[in-house]
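Notes follow once the structure below has been shown.
Just so it is clear, none of the values below were taken in a lab; they were calculated from the coordinates. Quick caveat: nothing in here was measured; it's all calculated off a predicted structure. Cβ: placed from backbone, ideal geometry, glycine included. Neighbour counts: every protein chain shown.
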């Protein structure tokens, strides 16, 4: 977890260069990250996701891959959105633009994600147990259920660019 301002408004997670992953806590022991078979690690599967978001199987459920670029990412529960920082002068400036970005974003196709409960956001290269013990993760409280997932990029102000991944409860 990273804080950009003192005190930071939100907790940010960064990757070492690859995708970030959002794994339900109940299946964290099954995420092997970059460990494992050279050609078929969980990290490789996450890297194979084409686009801003994708879902990969983990245990008896699926994890959400935040692809495209390795941007610092935070979850804003008041908006139900992961915010991925591409460009902004400050954390406060970026966060102030989120409402406008949510309103003006051109949202991509919708996917459905069945979530059994709370999830952990971390670098996909880490194993689930290692990520849970490390400081560079964020726990996100989600009610169990089906979520509609959509991604978008936005430039809500000059010099400000961000990616959004919105989670909204969806009917089954």
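The relative contact order of the chain comes to 28 percent, based on Cα pairs under 8 Å that sit 6 or more residues apart.
The range 38-77 and the range 83-134 have Cα centres spaced 12 Å apart. Between residue 87 and residue 114, the simple label model (points 7 Å from Cα in the Cβ direction) yields a spacing of 4.2 nm.
Can you give the FRET efficiency for residue 171 and residue 40, using 1/(1 + (r/R0)^6), R0 = 41 Å, r = Cβ-Cβ distance, to the nearest 0.05?
On the way: r = 35 Å, r/R0 = 0.85.
Working from the Cβ atoms, E equals 0.75.
With the helix formula -39500 (n - 2.57) applied to DSSP H stretches of n ≥ 4, the chain reaches a computed 222 nm mean residue ellipticity of -4000 deg cm²/dmol.
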